[in-house]
Amino acid sequence: MNFLHNMDWVLPLRSDGATHIANAFTWLGYTTFFLIALPLCYWLWDRERAMRLVVLIAITAIINGWLKDLWQDPRPDPKYSLDPRVLGSYGRPSGHAQVAIAMWFWIAHELKRPWVWPVAIFIVAGVCLSRLYLGVHDVDDVLTGLSLGLAGIFIFVWFLSPQFAFVRNLPGVAHLALIVVVGVALFLTWPNGEKPDATVGVLALLFGWVVGANMDRRLAPDKPVLPAWWLRIVMGVVGVIVLFVIQGALGRAVDLLGIAGTPARYGVSALLGFYMTGVAPLCFRAVKLMR
């Protein structure tokens, strides 16, 4: 049991180079990475696969946040921490570990190519070890996160079976209503008097994502035809830059209007999701980068 919680073994492993590597892997579990990776998956990979990936990540984030506030397990002593972004939050289960295994193993499952699995395992291992190295999770936190993320994949595969096709085939407005119901349920059931603000923010982004995806499918029902590889790079880079410009502009507008509360943050998240799947593809088609 001491091995699961003791962090003294980490200290002799640290060096400047190793810290840079750990920070690179741990970045793969933070919001900025997902704001880049998820729209790129939608624009440049496959719309339906990207939708499944986003839904899985959202569900994983909800479960992680709910259990963190239910268990309220403290993180390792701050003296070990090299990542100040999580100070004051709870430890078990590790969100990085839970989301990493869900995301990368799901991508490997979707691609169904043997070489992808070693890459996915390498990334997941790197993310998990980075959380230990940076001293913000103990072994128990990481193993719990990995177990929950893996279980989530199996449940999601079951949900995608034919017996649940009726849920997936509901009208778009029904899916949006379901997201709202889940959000309300989270506020009503969130444990120990904590607030689910960050988790509901994920649902807000998903809401905007679904609105935009429904619009995109109506405007372009056929699978998009993408341009040459170098134009895809241009498309991805410009699309992501515009995304962060919009995020910054919306943040400043909220501050100037004096409405920088939780509902405003939900609105910003929803608008970003709508841009990713609705506005950006529309603009790409308008300039002939996508057909």
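The values are calculated or read from the model by the stated rules, or taken from the named source; none is laboratory data. Everything numeric in this text was worked out from a predicted model, so none of it was measured. Note that each Cβ is placed from the backbone with ideal geometry, even for glycine, and that neighbours are counted across all protein chains shown. For the accessible areas, the whole protein counts, side chains as well, though only heavy atoms, and no ligand, DNA or RNA atoms are used. Shrake-Rupley method; radii C 1.70, N 1.55, O 1.52, S 1.80 Å.
General remarks:
- For THR19, the shell of other residues with beta-carbons less than 14 Å away shows a net charge of 0, using +1 for Lys and Arg and -1 for Asp and Glu.
- For q = 0.15 Å⁻¹, Debye-computed log10 I/I(0) when each Cα of the stretch 207-254 counts as one equal scatterer: -0.61
- For the listed peptides 235-242, 84-91, a ranking on the average number of other beta carbons within 10 Å per residue, highest first, reads 235-242, 84-91.
- Per-residue [θ]222 nm for the chain (sum of -39500 (n - 2.57) over DSSP H runs n ≥ 4, rounded to 500): -23500 deg cm²/dmol
- Cα-based Rg of the stretch 111-176 normalised by 2.2 N^0.38 Å, two decimals: 1.56
- Lysine pair count for the chain (Cα-Cα distance under 23 Å; residues 8 or more apart in sequence or on different chains): 4.
- Annotation: extensible slack from GLU194 through VAL157 equals 10.2 nm (criterion: 0.36 nm per residue apart, minus Cα-Cα distance).
- Length available on full extension from ARG232 to VAL181: 0.36 nm per residue minus the Cα-Cα distance, which gives 14.6 nm.
- The modelled label-to-label distance between ARG14 and ARG49, using points 7 Å beyond Cα along the C-beta direction, is 4.0 nm.
- FRET efficiency estimate (nearest 0.05) - Cβ-Cβ, ASP255 to ARG218, R0 45 angstrom: 0.85
- Summed over the residues of the stretch 1-86 and divided among them, the accessible surface reaches 51 Å² per residue at a probe radius of 1.4 Å.
- Calculated diffusion of the chain, Stokes-Einstein form, Kirkwood radius summed over Cα pairs, 10 °C and 1.306 mPa s, µm²/s: 78 µm²/s
- Computed over the stretch 136-240, Kirkwood Rh from alpha-carbon pairs, angstrom: 17.6 Å
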